[in-house]
Amino acid sequence: MQRDKRLAVASMAFALCATSTASAQNVDSSRVGIERRHSERALDPRPGFSRTAADSLPTKSANGWKYPLYGALIGAGVGLTAAYIETHKRQVFDHSEDALVYVFGTSLGAVVGFVGGFVLYAMR
């Protein structure tokens, strides 16, 4: 008896949650993502020419974040490679601090690459 009550309460809660979020079942949203406010606009007879086409072109400020991040990625790779080469030399016998060299090399490379990418972006 107690189990049946819990099952009924759980199924009722599930049904309420499922029906409150079922907005995709409405007639308005069944038109491939076109909402009612978009259909009120007049359609342009020339679909190849749009007034907003110039706004969609990438600008210097829109892509400015790419240069520092790519620079940091490249710098981190170079720093990690340099740390690997440095820790695998014949003169190195104590490998107890290799992880510190990897972290420091990767971090320093990322910072230098980030600054270099920012400078490259600023000069562009």
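The values are calculated or read from the model by the stated rules, or taken from the named source; none is laboratory data. It should be emphasised that the depicted structure is a prediction, and the values quoted were computed from it without experimental measurement. Using ideal geometry, Cβ is built from the backbone for each residue, glycine included, and neighbour counts are taken over all protein chains shown. Note: areas computed on protein heavy atoms with side chains; ligands, DNA, RNA excluded. Shrake-Rupley method; radii C 1.70, N 1.55, O 1.52, S 1.80 Å.
When all protein chains stay in place, what accessible area (Å², nearest 10, 1.4 Å probe) is found for residue 73?
Probe radius 1.4 Å; accessible area of residue 73 about 120 Å².
Within the range 72-105, list the chymotrypsin sites (Phe, Trp or Tyr not before Pro) lying in a DSSP loop whose Cβ has at most 15 other Cβ atoms in a 10 Å radius.
93
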